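Down below is the structure, laid out as structure tokens.
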Amino acid sequence: MKAFADLYNRLDATTSSNAKLAALRDYFFAVSPEDAAWAVYFLAGGRPRQLVPTKLLRELTLTVAILPEWLFEESYHAVGDLAETMALLLPESIHTSEEGLAAWVETKLLPLRGLAPEILTLQLIPLLQQLDKRSKLVCIKLITGSFRVGVSRLLVTRALAAVAGIDAKRVAQRLVGYTDLSARPTAAHYLKLIAPVNEEGDERSEGQPYPFFLAHPLQLSTDQFAAAIGSPEQWQVEWKWDGIRAQLVKRDGQLWVWSRGEELVTDHFPELNVLTDCLADGMVIDGELVVWNHGAVNATGQEELKQVQPYALLQQRIGRKTLNSKILGNLPVVILAYDLLEWQGEDWREQPQSARREQLEKIVLACKQPQLQISPLITGESWQDLDRQREASRSLGVEGFMLKRKDARYGVGRTKDVGVWWKWKIDPYTADAVLIYAQTGHGRRASLYTDYTFAVWDSPEDNPNRKLVPFAKAYSGLTDAEMREVDAIIRKTTVEKFGPVRSVTPTMVFELGFEGIALSSRHKSGIAVRFPRMLRWRQDKPVAEADTLQTLQALLPQASRPANKDVA
Amino acid sequence: MDLVIARPEGLYCPPGDFYIDPWRQVERAVITHGHGDHARTGHQHYLSAAAGEGILRKRLGADIDLLSLEYGESINHHGVNLSLHPAGHVLGSAQVRLEYKGEVWVASGDYKVEADGTCAPFESVRCHTFITESTFGLPIYQWQPQNEIFADINQWWQSNADNNRASVLFCYAFGKAQRVLSGLNPHIGPILVHGAVEPLNQVYREAGVNLPATQYVSGMQDKSQIGKSLVLAPPSAQGTPWMKRFGDYSDAFASGWMQLRGTRRRRGVDRGFIMSDHADWPGLQKAIQATGAERVFVTHGQIHPMVRWLCEQGLDAQAFVTEYGEEAAEAEANLSAETEGSPI
């Protein structure tokens, strides 16, 4: 554990990519393949399901450190991280464990899952006593599944490529699915990651998908497009679907469905099994999983798009452990195909976008299953023309357009070297809201008031008795300097403290942006918004001029607006 | 009777008719130490420890009306017997002991219990009522002995020097910088200082504190030595053009706030050295207990947890509302008084 904790500290102690790369390389060279296998798993974002309930960890700390619960809570709110709080409060140990990461995870940590609380406590205390402070922090993070250190998957990939002496893209390919929950990394898995390149193409064994190619935001005004990216004819334009990015892999008579998080989700979408028969072996399709309203099939053209159901419904499906026939019937899923990565067992990613599209259309047409739809193309004479068509996004339940260069190859991750995908998103909904509660943040925002609750007025300004009703929480969008300034104001205008939360005298107005808005019975305001964030601090705006519940309700989709009683 | 009460101007001693570290202009001010939130300009008469006189005159003006007392020396003012005792915080820092009609109160200002060699070590003073700070008043704050921290700092410096990389260490110009200096191993390389730091080094040296030789980067003859050097700079220098002359340097921050990973990451430095001139949690407990006080007032920092904790320990603890080091504000190291002075 010590070697892994040292790696964690080296990674944590620098902001330089090269220094991190060197730390990773040193570690991979120094440790056994078993240990490296687990290190790659954790560093690339893999986390086993929580091994020990958080509550038990807290109680254990109180007992060992002899602290009242409230003091633990105060400490936790100052630190903003449970594992770190525990490592700081538990007595310092003179011991340190040289035993490797794999031995720790496999023989000490994983067996903890499911143990009765009394036994857990008895086992955990001596386990943690074997560790020095830094190892303790890392170990608790592994236990709680909150292990994170400033290393991107790409950096891990590069380090492995350096260790193996092979191309990083090849490693990225092999790494796909490595962190899947059902996977248990072994020495053999690790050695496969860094093995010399095999001419036979063993890379596409079993259900292995390809690394997803990701889009970049296009932040230009429409009249700048032509100069920056050329004419619309060079681009394949599609709607930007609001679903789950997924790959369908069909090989050896079997179908696999992978989500963008590189999680195997085949079992969540049983209705896609019908595609096993119509898709030929050696085929990989990239597309978007969406909930589909099959009932509106008679419509044509753009009307068809109304068959896509809101993301919130898809979420209901992902959240379930078991899928009953009612859910499958009410919330049927289809895949909107937009790319072809493998055909007849051949890697097609080097083919131009237009060729991949052409072949994909043939495949979808031949398949004739409603579960496999093609993501339609949009054409326009000019960018201005496309911009006008894009205005329909909101009513269609999509996020704008995707622009894919027709001659682009399919890249790896967020690369731009072999081609580029742009997301041309519609502007978010906005509202000017008042900050009314604040809470301290986590991680690098620990001990700073950075998590805010925002409210709007419940009625227009002419009502002298109107009140502020909370409707959204947001914590992103401010610069560090703004954050400090807001933090100082919060401390000065605090009305009451409830544990880590402070209520403040309403003085600050922020423009919030959000992607979706829906009625909600769980919120006091009756409204829930999606992805709320701060767009800017409206220091020019007095609190009285913040928006009202009525302005928010006007943003709701037509069908779901509340009856007029509230608006009066 | 209460010998100290909170007034809008600051902590006030009614029988003596004077203030302790007032934040508004008053006639008579007893100053515990020279940090900006305790020593302010504009009072008519000042009283401080003799060891702090140099600092106060440097910061508040050479011509202030200042009476100074040796540690332990006492004077009587309106029947209040007043004496100053080392607080171990920075050079010249003092606890104020007040005695009136058999009642003894001690206002401690800011203090640290570990002795550090750059100022007189903290002295425990018995009293009925103790006024304490609580900057690091949570059990998560527990300091290592300073020789271990110095070893870490020197090791970091050495390994950077081996790679011909300058080591830039950010810390408060008054107190922390001199304490760090006192623990540096000058054999590793040259020690360079920012213009905000050196005048205070001067005051320390004049007070007889032994510090290794320092120089300005502008006065450096052999610029090739920059890669071997350690640079002491105030936090405000971070990200300024002044830093460019050090090339591809490694940076660090020395502060008790570095105890938390989040604060260190927010600082955006490579290393955080956990070194504070305030008492840690065990230090605060030990200091409070040693006074034998039954009543405790908490002035700043983690006020609420400290008050609640002390009450649970059976003491009569309360909070004083003050304008000292607003909670966590120091975490951002934007104390303007600490960052004055121009780079040289």
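The values are calculated or read from the model by the stated rules, or taken from the named source; none is laboratory data. Computed from a predicted structure; not experimentally measured. Using ideal geometry, Cβ is built from the backbone for each residue, glycine included, and neighbour counts are taken over all protein chains shown. Keep in mind that these areas ignore ligands, DNA and RNA; they rest on the heavy atoms of the full protein, side chains included. Shrake-Rupley method; radii C 1.70, N 1.55, O 1.52, S 1.80 Å.
Okay, here's what the table says:
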{"quantity": "Filtered residue count, the range B:1-24, keeping only those that are surrounded by fewer than 21 Cβ atoms within 10 Å (Cβ to Cβ) and over 25 Å from the mean Cα position of the chain (by Cα)", "calculated": "5"}
{"quantity": "Checklist (1) at pLDDT 90 or above; (2) outside any loop (DSSP other than H, G, I, E, B) applied to A:ARG349, failing item", "calculated": "(2)"}
{"quantity": "A:ARG260, sole failed condition from (1) farther than 24 Å from A:ALA355 by Cα; (2) open to solvent by 70 Å² or more (accessible area, probe 1.4 Å)", "calculated": "(1)"}
{"quantity": "Residue, farthest from A:ILE94 (Cα to Cα), within the range A:114-129, restricted to residues that are out of contact with any Lys or Arg (no Cβ under 9 Å at 6 or more places or on another chain) and buried (at least 18 other Cβ atoms within 10 Å of the Cβ)", "calculated": "A:LEU120"}
{"quantity": "Output for the range B:282-298, where each listed residue is within 13 Å of another protein chain (Cβ to nearest Cβ) and buried (at least 22 other Cβ atoms within 10 Å of the Cβ)", "calculated": "none"}
{"quantity": "A:SER152, sole failed condition from (1) open to solvent by 40 Å² or more (accessible area, probe 1.4 Å); (2) more than 19 Å from A:ALA23 (Cα to Cα); (3) at pLDDT below 90", "calculated": "(2)"}
{"quantity": "Candidates A:GLU98, A:GLU69 - the one that is surrounded by fewer than 20 Cβ atoms within 10 Å (Cβ to Cβ), of a type in the set (Asp, Glu) and under 26 Å from B:GLY262 (Cα atoms)", "calculated": "A:GLU69"}
{"quantity": "Pairs where the first residue, in the range A:519-538, is assigned by TED's automatic domain parsing to the domain that holds A:LEU435 and the second is among the β-branched types (Val, Ile, Thr), C-beta under 7 Å, 6+ apart", "calculated": "A:LEU519/A:ILE527; A:SER520/A:ILE527; A:LYS524/A:VAL469; A:SER525/A:VAL469; A:ILE527/A:ILE517; A:VAL529/A:ILE517; A:LEU535/A:THR430; A:ARG538/A:VAL509"}
{"quantity": "A:GLN208 assigned by TED's automatic domain parsing to the domain that holds A:TYR410 and either modelled with pLDDT of 90 or more or of a type outside the set (A, V, I, L, M, F, W, C) (or both)", "calculated": "no"}
{"quantity": "Residue list for the range A:82-91, restricted to those being at the interface with another protein chain (Cβ under 7 Å from one of its Cβ atoms) and either more than 17 Å from A:ARG445 (Cα to Cα) or out of contact with any Leu (no Cβ under 8 Å at 6 or more places or on another chain) (or both)", "calculated": "A:THR85, A:LEU88, A:LEU89"}
{"quantity": "Flag if A:GLY45 is more than 10 Å from chain B (Cβ to nearest Cβ), small (Gly, Ala, Ser) and at positive phi", "calculated": "yes"}
{"quantity": "Single unsatisfied condition, A:SER395 versus (1) open to solvent by 40 Å² or more (accessible area, probe 1.4 Å); (2) more than 14 Å from every other protein chain (Cβ to nearest Cβ); (3) outside any helix (DSSP H, G or I)", "calculated": "(3)"}
{"quantity": "Residues being buried (at least 18 other Cβ atoms within 10 Å of the Cβ) and either modelled with pLDDT under 85 or not in a strand (DSSP E or B) (or both) - total across the range A:398-418", "calculated": "6"}
{"quantity": "Enumerated strands (runs of 3 or more DSSP E) restricted to the range A:440-504, each holding at least 1 residues that are within 11 Å of chain B (Cβ to nearest Cβ)", "calculated": "A:449-457, A:494-498"}
{"quantity": "Selection within the range B:137-190 - in a loop (DSSP other than H, G, I, E, B), more than 14 Å from chain A (Cβ to nearest Cβ) and farther than 14 Å from B:ASP116 by Cα", "calculated": "B:ASN164, B:ALA166, B:CYS171, B:TYR172, B:ALA173, B:PHE174, B:ASN185, B:PRO186, B:HIS187, B:ILE188, B:GLY189, B:PRO190"}
{"quantity": "Residues being surrounded by fewer than 22 Cβ atoms within 10 Å (Cβ to Cβ) and either at the interface with another protein chain (Cβ under 7 Å from one of its Cβ atoms) or in contact (Cβ under 8 Å) with a residue 60 or more places away in the chain (or both) - total across the range B:258-267", "calculated": "2"}
{"quantity": "Number of the condition not met by B:THR240 [criteria: (1) surrounded by fewer than 19 Cβ atoms within 10 Å (Cβ to Cβ); (2) touching a helix residue (DSSP H, G or I) at 6+ places or on another chain (Cβ under 6 Å); (3) of a type in the set (Val, Ile, Thr)]", "calculated": "(2)"}
{"quantity": "Single residue of B:ALA252, B:ALA237, B:ALA207 found to be under 25 Å from A:GLY150 (Cα atoms) and either within 14 Å of chain A (Cβ to nearest Cβ) or not β-branched (Val, Ile, Thr) (or both)", "calculated": "B:ALA252"}
{"quantity": "Checking B:GLY109 against (1) crowded, with 19+ Cβ neighbours inside 10 Å; (2) at pLDDT 95 or above; (3) away from chain A (no Cβ under 14 Å), the condition it does not meet", "calculated": "(2)"}
{"quantity": "Members of the range A:345-392 found to be closer than 30 Å to A:ALA227 by Cα and open to solvent by 60 Å² or more (accessible area, probe 1.4 Å), listed by number", "calculated": "A:GLU350, A:GLN351, A:GLU358, A:LEU377, A:THR379, A:GLU381, A:GLN384, A:ARG388, A:GLU391"}
{"quantity": "Single condition B:PRO199 does not satisfy, out of (1) part of a helix (DSSP H, G or I); (2) of a type outside the set (Lys, Arg); (3) buried (at least 20 other Cβ atoms within 10 Å of the Cβ)", "calculated": "(3)"}
{"quantity": "Top-ranked residue of the range B:304-334 - restricted to ones that are more than 8 Å from every other protein chain (Cβ to nearest Cβ) and open to solvent by 50 Å² or more (accessible area, probe 1.4 Å), ranked as modelled with the lowest pLDDT", "calculated": "B:GLU323"}
{"quantity": "Residue check for B:TRP157: of a type in the set (Phe, Trp, Tyr) and open to solvent by less than 10 Å² (accessible area, probe 1.4 Å)", "calculated": "yes"}
{"quantity": "Neighbours by Cβ (under 6 Å, 6+ apart or cross-chain): first from the range A:111-126, β-branched (Val, Ile, Thr); second surrounded by 13 or more Cβ atoms within 10 Å (Cβ to Cβ)", "calculated": "A:THR121/A:LEU60"}
{"quantity": "Number of positions in the range A:278-306 that are at pLDDT 90 or above and among the charged types (D, E, K, R)", "calculated": "3"}
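Residues checked against (1) crowded, with 16+ Cβ neighbours inside 10 Å; (2) outside any loop (DSSP other than H, G, I, E, B):
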residue: A:LEU512; (1), (2): yes, yes
residue: A:ILE517; (1), (2): yes, yes
residue: A:SER525; (1), (2): yes, no
residue: A:ALA528; (1), (2): yes, yes
residue: A:LEU535; (1), (2): yes, yes
residue: A:ASP540; (1), (2): no, no
residue: A:GLN550; (1), (2): no, yes
